[in-house]
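Let me begin by presenting the structure, written as structure tokens, before commenting on it.
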Amino acid sequence: MKKSLFLLLLPFVSLQAYSNPWQMFDRRLGMFIHWGVYSVGGYHEQEWMKLGLSKAEYEKYLPKFTAEHFDPDKFIDAAESLGAEYIVITSKHHDGFCMWDTKTTDFNVMNTPCKRDVLKELSEACKRRNMKFGLYYSIPDWHHPNAYNKLSSHQLKEPNPGDEPDMDKYRAHVKAQLSELLTNYGEICCLFWDIPPNVDDPEMNALVRKLQPNIKINNRGWGGNEGDYSTPERDFGDWANRKRPLTETCDSVGAQSWGYRANEDYRTKSYLTKTIDRCLCEDSNYLLNIGPKSDGTLPKEAINLFSKTGAWYKKVKPSFHGEIVTDLTSDRNVKIIKTPDYLYLHYPNGLTKTGIDLHPLKTLPEEAILLNTNTKLKSEVIIPTYRDEPSLHIYDIPIDDIPDEPPIIRLKFPPESK
Ligand code: GLC
């Protein structure tokens, strides 16, 4: 009689398995793009507010937004080099500048030297290259005369001179913008609202779903509506409050700004690989941001980081396609994903030694491989010196060969243990 690996283990451990994350957000890694007229300043996407500029001072950036080297395929090349399978771009950030050819305001990309509908070109290139396309939309709008909302964060200190704050009028404006965005750019995989306004309007998400029935909506929308997925960001302070089952964690290659910043503090490959590993093993998607320059090119540091991180991700990607298994071993450091053929052991925090013990597992695998380097590993069932019962032990893991990657070990068990 064939014994299941889990039947073998059942007397010793209790198992919990979450449903397969691939069935929910089946593309696990995305590329976030923060691009707008703020890239001219090369400081921060919220430069207008942070530096206390006037509207007239900020508008001076418009004639400098040339985007002369913008090539949507280069953006997609960068996404592919990371292994990302969807893109989410800022259609409008807090400054109110629109990256599409809109009839709702003159404060848009067609009134800059760029004169190209960036969303149109990018959405068409995405469709051509099997990249899903999603939109970020900020609810504050520092440029629109009716938008000032003192119930919300991320507002200018006070309305611009001459503004007439009026939430009813502003809501109508947002709906007009959504109608354009969700009608003219093909299939939109997700809507990433930003900065909940503390004003409810159930019609907003209803309109979004009517125009894009398959869309996923995040949890930063009108009236604290939780939407379909939660969005912990940066150092994931709100990680614990994420709403299962859908979560997408976001961070940027730059630690200071989401938009292009000339003197940026770039993340390290080690930070990104470990964070991505942890998030994906904990059932979350991961959205990694890049900030293009105002000439349309991508910063070379960011491109390098995307491809270095992607080189790791592509080697280990199959190890995220499965079911999350907890309590298989007493080791709290490991995260385990199970597929029909393999058990994948992930160590997002790295390993401090070259051997691991998988107590109380006692079944010898047919094969143990360090996926990062494709190295075959030695395994034995032994009684380690610190315990008096046998357990599976894996030896000689070449950890020092992969100092900036979380180790991922693939185990294959003999057919009789399946
Ligand atoms: C924060 C920042 C905003 C950025 C967003 C990305 O809300 O304030 O500028 O666009 O994070 O999630």
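The 3J(HN,Hα) values that the Karplus relation (6.51, -1.76, 1.60; θ = phi - 60°) gives for segment 389-406 are, in residue order, 10, x, 7, 6, 10, 10, 10, 6, 7, x, 4, 5, 7, 10, x, 10, 9, x Hz. Gly and Pro appear as x. Surface exposure of the chain, expressed per residue as accessible area with a 1.4 Å probe, stands at 42 Å². When every Cα-Cα distance of segment 25-320 is counted in 10 angstrom steps from zero, the calculated P(r) takes the values 6, 29, 38, 22, 4, 0 percent. Computed over protein heavy atoms with a 1.4 Å probe, the carbon and sulfur contribution to the accessible area of segment 25-320 reaches 48%.
Here the dipole of the chain is about 780 debye; that uses its Cα centre as origin and unit charges on the Cβ of Lys and Arg (positive) and Asp and Glu (negative). For Ile87, the residues whose amide H sits under 5 Å from its own are Met31, Lys132, Phe133, Gly134, ignoring neighbours fewer than 5 places away on the same chain, with H placed 1.01 Å from N. All other residues whose Cβ lies under 13 angstrom from that of Pro159 are scored, Lys and Arg at +1 and Asp and Glu at -1, for a net of -2.
Scanning residues 5 or more positions from Gly322 or on other chains, those with amide H under 5 Å from its amide H are Trp22, with H placed 1.01 Å from N in the peptide plane. If we count every other residue with Cβ under 10 angstrom of Tyr271's Cβ, Lys/Arg +1 and Asp/Glu -1, where does the sum land? Once all neighbours under 10 Å are counted, the net charge is +1. In this structure, the amide hydrogen of Cys250, modeled 1.01 Å from its nitrogen in the peptide plane, lies closer than 5 angstrom to those of Glu233, Arg234, Leu287, counting only residues at least 5 positions away or on a different chain. Each 10 Å bin, from zero up to the one with the longest distance, holds this percent of the alpha carbon pairs of segment 239-322: 16, 46, 30, 8, 0.
Express in nm, to one decimal, how much length is gained between Lys157 and Glu301 on full extension, taking 0.36 nm for each residue of separation and deducting their alpha carbon distance. So the chain would gain 48.4 nm between Lys157 and Glu301. Cα centroids of segment 140-179 and segment 302-349: 44 Å apart.
A cut-off under 12 angstrom between Cβ atoms defines the neighbours of Ala176, and their net charge, with Lys, Arg +1 and Asp, Glu -1, is +3. Of the cross-linked pairs Lys103/Lys274; Lys60/Lys132; Lys216/Lys308, those separated by over 32 Å at the C-alpha level are Lys103/Lys274; Lys60/Lys132.
Its Cα centre serving as origin, segment 87-191 has a Cβ charge dipole (Lys and Arg +1, Asp and Glu -1) of approximately 460 debye.
With the convex hull of its Cα atoms as the shape, segment 64-159 has an orientation-averaged projected area of 7.3 nm².
Placing +1 on the Cβ of each Lys and Arg and -1 on the Cβ of each Asp and Glu in segment 25-320, which of Ala147, Asn214, Thr102 has its Cα farthest towards the positive end of the resulting dipole? Value computed over the given set: Asn214.
The values are calculated or read from the model by the stated rules, or taken from the named source; none is laboratory data. Here the structure is a predicted model, which is why all the values come from computation and not from measurement. All Cβ positions, even for glycine, are placed from backbone atoms using ideal geometry, and neighbour counts span all protein chains on display. Just so you know, the surface numbers come from the protein's heavy atoms only, side chains and all, with ligands and any DNA or RNA stripped out. Shrake-Rupley method; radii C 1.70, N 1.55, O 1.52, S 1.80 Å.
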